[in-house]
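Remarks on the structure that follows.
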Amino acid sequence: MSEHLIIYPIIVHLITAVLLLFFWMKPKIQRYISILGGGVGIVIAALLFQRVWSSGIQSIQLGNWEAPFGISMVADTLAVSLILLTNIVAFALAIYSTENMVSSRVKFGYYAIFHFLIMGLSGAFLTGDLFNLYVWFEVIIISSFVLLTIGGRKIQIEGAVKYFTLNMISSIIFLTGIAMVYGATGSLNMAELSRIIPEIENQGLIQTISLVFFIGFGVKSGVFPLYFWLPASYHTPPAAVSALFAGLLTKVGIYAMLRVFTLIFPLGEVNQIILMVIAGLTMFFGGIGALVQKDILRVFSYLIICHIGFMVGGLSLFTEVAIVGAVMYMFHDIIVKATLYMMGGVMFRIFGSTKLRNMGGLMDNYPRLSLLFAIPLFALVGIPPLSGFWPKVSLFSASYTAGEIAMLVMFIFASLITLVIIAKVWNKSFSKDAPKLERKSSFKYFEDFSFSEKAAYVVPIIILVGVTLYYSFFAEHFQLVAARIGEELMNTEHYYNAVFGIK
Amino acid sequence: MKSLILKTVSTTLLPLLILFSVFVLLRGHYLPGGGFIGGLIAAIAFILHAFANGLTQTRKVLRMHPGFLIPIGLSIAILSALAPIILTGDPLMTGLWYEKDIAILGKIGSALFFDTGVYLVVIGVCLTIIFTISESV
């Protein structure tokens with residue numbers, strides 16, 4: 001049974017979700033099942049990571065249909081590290097949701113859909129088949145649409161309509177790209193495509209098709225100019241949902257880009273330039289957008305966009321060091337962005353609002369909490385030795401050695417503008433005096449919470465901050481993993497040999 | 001829409017349509033049919049009954065909340081997908097077949113159980129949606 005370990009990260013969350021459906025009307029039990037499922041998920045992801053780390057890329061053929069005819073599931077280092085991070089974030093969010101989600105939302109199936117979403121993410125990371133990737137993307141979109149609209153407040157529906165429309169369009173574009181690839185090559189197995197594509201004479205056509213994929217994934221990850229849905233929708237649902245989206249959903253798009261542009265269509269020169277320009281503009285407009293926002297959650301949404309630019313930029317340089325940098329940045333970003341939105345949820349409970357002008361005095365009133373919040377904020381800026389610093393070292397040096405000074409300038413600009421924004425957020429919510437506001441009567445403030453309710457909000461943040469600190473002080477571990485990922489991505493024969501069982 | 005004709009016909013049609021849906025379910029795999037379309041036909045049987053006799057009557061016939069069929073169906077489907085891992089050590093969703101023919105049913109394999117799961121999920125989903133809508137109207 002242990003030889004099928006690859007498939008278990010998907011199965012665990014599927015079984016958890018179905019169990020949760022049996023307890024539809026019992027929110028209390030659902031909380032425990034969800035936390036338990038998250039815990040088992042971490043254990044299985046860790047086992048799988050250990051397996052791949054010690055004995056190389058693993059693969060399995062679903063239904064025992066031989067590759068390239070069936071659907072292959074492939075676990076390489078990139079996929080398993082992302083699954084491990086996903087499960088850690090999911091576990092933390094399962095704890096966070098216990099207080100953040102009111103029972104009426106749980107009764108609409110919040111937890112079940114939450115686990116279906118994690119299942120979709122695991123599937124997207126593991127699959128070795130382009131069409132199957134599309135199917136997992138659909139699982140993700142449908143689940144995320146439900147999570148976004150649960151509760152049915154007007155502002156949520158408004159955000160969800162924008163979100164759903166653009167993501168549907170991106171799916172259609174992605175599907176069109178798949179059809180084109182199938183027309184050109186007659187195969188959708190990623191490993192087989194990595195061999196067929198270089199032999200096609202008309203490489204111009206192939207590079208054009210690859211841009212169709214870029215548009216499809218670009219909408220999902222929120223690159224310029226396709227990011228408008230993101231700040232319009234991410235601040236509307238409860239904090240637990242936003243944290244899940246911020247940490248993981250945009251990164252799935254980046255994962256798909258990394259996979260497709262290394263394995264299937266290695267970037268040509270023109271595409272490299274296009275990606276570079278887009279990465280630069282994404283950083284610029286994301287940064288400028290965040291600068292003018294007055295709502296802390298919207299500031300964070302624009303920061304997501306700004307930092308997507310780092311990862312696309314790393315990919316566009318297309319050297320091993322740059323890809324290592326992009327992958328390391330992705331690891332750091334998943335943890336930190338999820339933490340930020342969870343923090344946002346706590347701050348909403350403290351101040352009763354997410355507007356920056358209604359905040360203040362956090363440092364005087366909650367000194368220990370402020371210290372905790374300072375870590376992800378400073379890690380985001382990249383103050384050494386915190387986690388944001390290490391990937392930037394790789395990215396800066398890669399862009400300098402590649403001679404792409406414009407890219408380097410944009411990286412530095414984005415880092416600086418992040419610093420300015422975080423300084424502003426710090427100023428307005430932590431160090432300035434608290435504004436005199438009337439207390440809302442029907443609102444439960446953080447100070448009225450019992451100890452266990454406070455713990456449900458703070459413990460998951462401590463878990464994720466712990467991961468950030470581990471990343472900061474033992475960055476060489478992450479560097480090692482990322483270096484191996486870079487090597488595996490740039491040399492596609494490892495992937496090919498694993499799928500076709502060539503020793 | 002209380003019409004005597006519809007009422008009379010629907011009581012006769014309910015078992016007939018369900019029987020037909022099971023036939024379509026079993027016919028699947030090699031011929032057109034299968035769990036999805038079978039489930040739809042079964043759902044139509046109940047919806048027709050609800051139109052003719054009212055929702056409360058149909059709920060009595062069903063005896064349980066249709067939403068409960070969803071996790072049951074999903075469990076059956078998951079078990080049939082996991083069966084090869086547990087029984088023979090083959091990858092997920094490998095088709096397992098019982099060698100001998102069985103009267104009426106024909107060959108039985110894990111695919112049939114998967115389809116049965118789909119059948120139940122489709123009935124559950126359709127009826128939940130329709131019942132919720134007609135309740136709120």
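The values are calculated or read from the model by the stated rules, or taken from the named source; none is laboratory data. What you see is a predicted model, and the numbers here were worked out from it, not measured in a lab. Every residue, glycine among them, receives a Cβ derived from its backbone with ideal geometry; neighbour counts consider all protein chains shown.
Conditions: (1) part of a helix (DSSP H, G or I); (2) at pLDDT 90 or above; (3) over 25 Å from the mean Cα position of the chain (by Cα). A:SER104 meets all but one. Number of the miss?
Going through (1) part of a helix (DSSP H, G or I); (2) at pLDDT 90 or above; (3) over 25 Å from the mean Cα position of the chain (by Cα) one by one, A:SER104 breaks only (2).
In the range A:411-440, how many residues are within 22 Å of the chain's Cα centre (by Cα) and farther than 19 Å from A:THR354 by Cβ?
6
Quick check: anything in the range A:292-309 more than 30 Å from A:GLU99 (Cα to Cα) and without any contact (Cβ under 8 Å) to a residue 24 or more places away in the chain?
Yes: one or more hits.
Can you list residue pairs whose Cβ atoms sit under 7 Å apart, with the first residue in the range B:47-72 being of a type outside the set (Asp, Glu) and the second being assigned to a loop (DSSP other than H, G, I, E, B)? Count only pairs 6 or more apart in sequence or on different chains.
B:PHE51/B:MET1; B:GLY67/A:TRP24
Looking at A:PRO460, is it over 25 Å from A:SER55 (Cα atoms) and over 26 Å from the mean Cα position of the chain (by Cα)?
Criteria not met by A:PRO460.
Let's see how each residue does on (1) in contact with a Phe, Trp or Tyr (Cβ under 6 Å, 6 or more places away or on another chain); (2) β-branched (Val, Ile, Thr); (3) more than 29 Å from A:LYS107 (Cα to Cα); (4) modelled with pLDDT of 90 or more:
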| residue | (1), (2), (3), (4) |
| --- | --- |
| B:SER3 | no, no, yes, no |
| B:LEU14 | no, no, yes, yes |
| B:SER21 | no, no, yes, yes |
| B:TYR30 | no, no, yes, no |
| B:PHE51 | no, no, no, no |
| B:THR56 | no, yes, no, no |
| B:HIS65 | no, no, no, no |
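For the range A:1-36, which positions are of a type outside the set (A, V, I, L, M, F, W, C) and away from chain B (no Cβ under 14 Å)?
Within the range A:1-36, A:PRO27, A:LYS28, A:ARG31, A:TYR32, A:SER34 qualify.
In the range A:153-167, is there at least one residue being outside any helix (DSSP H, G or I) and over 23 Å from A:ILE10 (Cβ atoms)?
Yes, some residue in the range A:153-167 is outside any helix (DSSP H, G or I) and over 23 Å from A:ILE10 (Cβ atoms).
So the check is Cβ under 7 Å with 6+ separation or different chains; which pairs have a first residue in the range A:13-30 that's under 17 Å from B:PRO66 (Cα atoms) and a second one that's polar (S, T, N, Q)?
From residues that are under 17 Å from B:PRO66 (Cα atoms), the pairs are A:VAL18/B:SER75; A:LEU20/A:GLN30; A:LEU20/A:SER34; A:PHE23/A:GLN30.
Given (1) farther than 24 Å from A:GLU192 by Cβ; (2) assigned to a helix (DSSP H, G or I), identify the lone condition not met by A:TYR134.
Among (1) farther than 24 Å from A:GLU192 by Cβ; (2) assigned to a helix (DSSP H, G or I), the lone unmet condition for A:TYR134 is (1).
Can you tell me which residues in the range A:71-116 are more than 16 Å from A:PHE245 (Cβ to Cβ) and of a type in the set (Val, Ile, Thr)?
A:ILE71, A:VAL74, A:THR77, A:VAL80, A:ILE83, A:ILE88, A:ILE95, A:THR98, A:VAL102, A:VAL106
Out of all the residues in the range A:433-469, which are free of Cβ contacts under 8 Å to residues at least 40 places away in the same chain and acidic (Asp, Glu)?
Within the range A:433-469, A:GLU438, A:ASP448 meet the criteria.
What are the residues in the range A:59-74 that are more than 12 Å from chain B (Cβ to nearest Cβ) and either out of contact with any Gly (no Cβ under 9 Å at 6 or more places or on another chain) or outside any strand (DSSP E or B) (or both), if any?
Result: A:PRO68, A:PHE69.
Yes or no: A:VAL80 under 29 Å from A:THR468 (Cβ atoms), more than 14 Å from chain B (Cβ to nearest Cβ) and in contact with a strand residue (DSSP E or B) (Cβ under 9 Å, 6 or more places away or on another chain)?
yes
With under 30 Å from A:ASP448 (Cα atoms), among the aromatic types (Phe, Trp, Tyr) and either surrounded by 22 or more Cβ atoms within 10 Å (Cβ to Cβ) or touching a helix residue (DSSP H, G or I) at 6+ places or on another chain (Cβ under 7 Å) (or both) as the only criterion, which of A:TYR96, A:TYR134 stands out?
None of the others qualify; the one that does is A:TYR96.
Evaluate the following for B:GLY89: is it without any contact (Cβ under 8 Å) to a residue 24 or more places away in the chain and surrounded by fewer than 14 Cβ atoms within 10 Å (Cβ to Cβ)?
For B:GLY89, the condition - without any contact (Cβ under 8 Å) to a residue 24 or more places away in the chain and surrounded by fewer than 14 Cβ atoms within 10 Å (Cβ to Cβ) - is met.
Output the number of residues of the range B:78-107 satisfying the condition of being of a type in the set (Asp, Glu) and either within 14 Å of chain A (Cβ to nearest Cβ) or at positive phi (or both).
Adding up the residues that qualify gives 1.
Would you confirm whether or not the range B:94-109 contains a residue that is of a type in the set (D, E, K, R) and at pLDDT 90 or above?
No: the range B:94-109 contains no residue that is of a type in the set (D, E, K, R) and at pLDDT 90 or above.
Restrict the check to the range A:152-159 and report whether at least one residue is at pLDDT below 95 and closer than 27 Å to A:SER81 by Cβ.
No - not one qualifying residue is present in the range A:152-159.
What's the total number of residues in the range A:22-74 that are over 24 Å from B:PRO84 (Cα atoms) and of a type in the set (S, T, N, Q)?
Going through the range A:22-74 one residue at a time, the tally reaches 5.
So A:ILE383 ticks every box in (1) closer than 30 Å to A:VAL481 by Cα; (2) crowded, with 22+ Cβ neighbours inside 10 Å but one. Which box is left unticked?
(2)
Here are some conditions: (1) assigned to a helix (DSSP H, G or I); (2) within 14 Å of another protein chain (Cβ to nearest Cβ). A:VAL89 meets all but one. Which one does it not meet?
Among (1) assigned to a helix (DSSP H, G or I); (2) within 14 Å of another protein chain (Cβ to nearest Cβ), the lone unmet condition for A:VAL89 is (2).
Somewhere in the range A:404-425, is a residue outside any helix (DSSP H, G or I) and either in contact with a helix residue (DSSP H, G or I) (Cβ under 6 Å, 6 or more places away or on another chain) or modelled with pLDDT under 90 (or both)?
Yes, some residue in the range A:404-425 is outside any helix (DSSP H, G or I) and either in contact with a helix residue (DSSP H, G or I) (Cβ under 6 Å, 6 or more places away or on another chain) or modelled with pLDDT under 90 (or both).
Name the pairs whose Cβ atoms lie under 7 Å apart, with the first residue in the range A:374-403 and β-branched (Val, Ile, Thr), the second assigned to a helix (DSSP H, G or I), and 6 or more positions between them or separate chains?
Note: pairs meeting the criteria are A:ILE375/A:VAL465; A:ILE375/A:THR468; A:ILE375/A:LEU469; A:VAL381/A:THR418; A:VAL381/A:LEU419; A:VAL381/A:ILE422; A:ILE383/A:PHE389.
Output the residues belonging to the range A:45-58 that are buried (at least 17 other Cβ atoms within 10 Å of the Cβ) and more than 14 Å from every other protein chain (Cβ to nearest Cβ).
The answer is A:ALA45, A:LEU48, A:PHE49, A:ARG51, A:VAL52, A:ILE57.
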